[in-house]
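Structure record follows, encoded as C-alpha cells.
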Amino acid sequence: MKLSFTLLLLCLLSVHFLGLCQSKLTTTEKNNVNRLLKKGIELFETERSNDALESFKKAEAIDSENWKINYWLAACFHDLSAYMAAEQYLNNAVKFMGEKELGNADFYELQGKVNHRLGQIENALIAYKKAAGYMGQKKAKEFGIVQYMEQCELVMKDRTNGISVLREPISPEINTAEDEYAPILFNGGEVLFFTARRPETKGENLNPDDLRYFEDIYRANWNSTTLKYEMDYSFFNEINTNGFDALSYVNSSGTYALLTVNTAFTEKTTKSSDIFEIVSEDTLDWSNPSMLQVKGINTDYFEGGTCLTEGCENGDFIIFISDRKADLYGLDLYTCTKSDAGYGEVRPLPKFINSPGNETTPWLTSDGKYLFFSSDELPGYGGYDVFYCSNEGGNWSKPINLGASVNTVNNDTHFRLTDQNNRGIYASVAEKAGFFSYDLFLVDLRMANFPFSK
C-alpha cells in the first residue's frame, strides 16, 4: 500500500529537523544504525519496500546525515513511485558524501531513473552515462542502461522538435491518488468502465506481494446535466471477487465481456490469472462470469488482458497476454481465432512484436485492422509506451510508437480508440502531491496524422 501523503510530508520534514539535531554518534548508536541499515537492505532486496522503508527511517532518526541511509531511502521511495521524495533523499546523499566517497553504478543508475521519471531528462542522461562508465559498455547494455540513455535521447529530440503530449484527464471525479486504468467507453461514452486498486475494493484485502489493495472493476455513468461521470458502485458487486478483477473487453451491444480474474491469494478458485467471459441476453445485464474452458488459453501461468474483434472480414480472433515463456521473455501477446464453432490454435504474435521485455494491454479495432499494445522494451521514452501495428492480409506490420503526443517518460498503457477514432483513451502515470499513479486520459489524435484516425 502506498505511503500516505501525511507520512510522506513528515518523512521529508524529518530530514531538516534531524539534521539540526545531529551530534556525534556513540558506539551503540553506530551499531544500531548498521543493524537497521543491513536489515533494510535485506528487506528491500526481497521486494519488501514498505518494510525496508520503516527500517531505514529508524536508522535516519539516529543518523540523518549518513549518505548511505539517504540513498536507500531514495531507493524505497522510487520503488513506491514517490519520485519527488526519492529526489530529495538522493540530493541529501550527495550532500553528505565525504570528499573521498563517490557514488557507484547503482547510485547513478537510481539517480538516472528518478530524474527520468520526473521528466528531468538532461540530468537523467548525465547520471546514466556515469552509471555506464562504472559498469562498462557490456554490462550497461545488459542491465538496460544503454536503453535508458536511448530513451532520454529520443525524448530530447522530440522536445527539440516541439512535440508534446496532448492528453487531458478524463474526469477529476474518476482520477484519484490510487491507480485507475483499463478504461472502456461504452455507448458513445455514456458509460465508463475502468479498473482500480482503491481502499473500497471488495473484501478490502491487501495483496501480500506489494501491500496494496487488490483490483476491482468499476462503472461510472455520464450525467448530461452536470457534464460529469457519476460512480455506480453497485454494478459490479456480484462480479468482483476478493482478488484481482480487471475488465478488458465489451462488445458493441453490451451482451458479451471478457475479464481477467486472479483469486490465487484469496478465494483460491484460480491458480493464477485466468480469462473469464460474461454472456447475457440483454445489454449490460451481467452476472456469473465463467472461466474460458479452451485448450491452450487458461494455463497455470498468467493469462489475461483479452481483446476481441467484432465482424472482422477474415474471421474474428482474440489477442491476450501470457507469461508462459517467462523463462525466456516477459509478458507476450498470443492470438487464436474465435467463431461459433469455438476457438482455434493458440500461437504467439511475431517476435518483432513480442520483444525480450514485456508486451501488455492489447486492444483491437473491431475490424481487426489495427492492434494497440504497450511495451517496456521496444524503442520508446521510458516505462511502458503505446505502439500500434496494422493487419495487412493477415500479417502484422512492425510496431510503431504512437509518439510523444501520447507517450510520456512514465508508463502509458490500455490505449484504445473512442467511437469517433479521432480520440484515444488510455491510462498514463501522473503526479498528485508527490505520488505518481495511473490516471485515465483522453488524447486528441486529429493533429497526429495517424492512419487509423483519418
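The values are calculated or read from the model by the stated rules, or taken from the named source; none is laboratory data. Just so you know, these numbers come straight off a predicted model, no measurement behind them. Virtual Cβ from ideal backbone geometry, glycine too; neighbours counted across all protein chains shown.
Go through the range 290-327 and give me each residue that's of a type in the set (F, W, Y) and farther than 15 Å from L259 by Cα. Those that are of a type in the set (F, W, Y) and farther than 15 Å from L259 by Cα: Y301, F317. Pick out the one residue from D332, D285, D300 that is crowded, with 18+ Cβ neighbours inside 10 Å and of a type in the set (D, E, K, R). Going through D332, D285, D300 in turn, just one is crowded, with 18+ Cβ neighbours inside 10 Å and of a type in the set (D, E, K, R): D332.
Kindly evaluate G403 against the criterion of being buried (at least 23 other Cβ atoms within 10 Å of the Cβ) and either of a type in the set (D, E) or outside any strand (DSSP E or B) (or both). The answer is no for G403. Being free of Cβ contacts under 8 Å to residues at least 12 places away in the same chain and either surrounded by 22 or more Cβ atoms within 10 Å (Cβ to Cβ) or more than 18 Å from the chain's Cα centre (by Cα) (or both) is the requirement here; does N395 meet it? Here the answer is yes, as N395 does meet what is asked. Residues in the range 352-369 include none that are crowded, with 17+ Cβ neighbours inside 10 Å, assigned to a strand (DSSP E or B), of a type outside the set (S, T, Y) and without any contact (Cβ under 8 Å) to a residue 24 or more places away in the chain. None of Y381, Y438 is of a type in the set (S, T, Y), touching a helix residue (DSSP H, G or I) at 6+ places or on another chain (Cβ under 7 Å) and closer than 24 Å to A82 by Cα except Y381. Anything in the range 138-190 that is of a type in the set (A, V, I, L, M, F, W, C), assigned to a helix (DSSP H, G or I) and buried (at least 16 other Cβ atoms within 10 Å of the Cβ)? List them, or say none. Of everything in the range 138-190, those that are of a type in the set (A, V, I, L, M, F, W, C), assigned to a helix (DSSP H, G or I) and buried (at least 16 other Cβ atoms within 10 Å of the Cβ) turn out to be A140, I145, V146, M149, C152, L154, V155. If you go through the range 370-394 and keep only what is in a loop (DSSP other than H, G, I, E, B) and within 20 Å of D323 (Cβ to Cβ), you end up with D376, E377, L378, G383, Y384.
Return the total of residues in the range 27-64 being outside any helix (DSSP H, G or I) and modelled with pLDDT under 95. Going through the range 27-64 one residue at a time, the tally reaches 3.
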